[in-house]
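Notes follow once the structure below has been shown.
The values are calculated or read from the model by the stated rules, or taken from the named source; none is laboratory data. Just so it is clear, the model here is predicted, and its values are computed rather than measured. Using ideal geometry, Cβ is built from the backbone for each residue, glycine included, and neighbour counts are taken over all protein chains shown.
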Amino acid sequence: MTIMEEKLFLALAPHRDCRKGVEIIKRSLFSLGFYGAFSFPPVSPLAVLARALTKDELKRFAAQLRKNTFADGKKGRITAREWVTMRLGGISFGGQRLDVPVKELFQADAALPCGVVADICAVPLLVEAVTRGDAPGALWEATEEKKTHPAMRPASFSFTAGYVANLALRPLCNDGYSFEWRIGEPIWMPKAPPFQPKTTEKRLSP
């Protein structure tokens, strides 16, 4: 067994109460032959890091992420939608797309200092399987039947509570599915303020 280089990610994770359906999807994927369904925790890898982020940096990023959940008319929620694939840090992932605009979060005036972020994800997703999308005849590319299976069309859901953390991932061998990981201290997004419906002032006629 070859010990390979450890990779470091900035990860976003929903509250555990939102992850029950994700575990059901992972089991369904595993039964279909997606052996990487349990190779990665149910988090969203947003970026590859050059070093671990400090607690203060994670707090600033979590605050920026919370602010972003109210942009474009959103009401403090992050929504997981259709099943997509993405490659980051040399690993191919599959999972439900999250409506997190990563480019805005990692722009020059964002919460993190220059040089800390080595790469950002092209499509933010909540990982439900490592897909080995770079390998010839990869499972994701194998059959149209699998692509149209109900497990590939999961119901969307949203969450308001979530945390960010450093995630260290170490491949254990070259099979593309064997990893060990460590998740650092979770830094929760600030609590979303309660939704205040707009009220219309009514005036009494004289």
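The table below gives the values:
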| item | result |
| --- | --- |
| Complete set of residues in the range 47-59 that are crowded, with 18+ Cβ neighbours inside 10 Å and either farther than 24 Å from Ala129 by Cβ or of a type outside the set (Gly, Ala, Ser) (or both) | Val48, Leu49, Leu53, Glu57, Leu58 |
| Qualifying positions in the range 65-112 - small (Gly, Ala, Ser), within 21 Å of Leu49 (Cα to Cα) and out of contact with any Phe, Trp or Tyr (no Cβ under 9 Å at 6 or more places or on another chain) | Gly90, Ala108 |
| Residue pairs meeting the criteria (Cβ under 9 Å; at least 6 apart or on separate chains; first within 11 Å of Val123 (Cβ to Cβ) and surrounded by 16 or more Cβ atoms within 10 Å (Cβ to Cβ), in the range 77-99; second modelled with pLDDT of 90 or more and aromatic (Phe, Trp, Tyr)) | Leu88/Phe9 |
| Arg60 over 20 Å from Lys191 (Cβ atoms) and charged (D, E, K, R) | no |
| Close pairs from the range 26-43: first in contact (Cβ under 8 Å) with a residue 40 or more places away in the chain, partner hydroxyl-bearing (Ser, Thr, Tyr), Cβ under 6 Å, at least 6 apart | Tyr35/Tyr177; Gly36/Tyr177; Ser39/Tyr177 |
| Sole residue being assigned to a loop (DSSP other than H, G, I, E, B), surrounded by 10 or more Cβ atoms within 10 Å (Cβ to Cβ) and modelled with pLDDT of 90 or more, chosen from Ala122, Ala168, Ala111, Ala118 | Ala122 |
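For (1) under 15 Å from Glu104 (Cβ atoms); (2) over 18 Å from the mean Cα position of the chain (by Cα); (3) small (Gly, Ala, Ser), each residue gets a yes or a no:
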residue	(1), (2), (3)
Leu8	no, no, no
Cys18	no, no, no
Gly21	no, no, yes
Pro42	no, no, no
Asp56	no, yes, no
Arg81	no, no, no
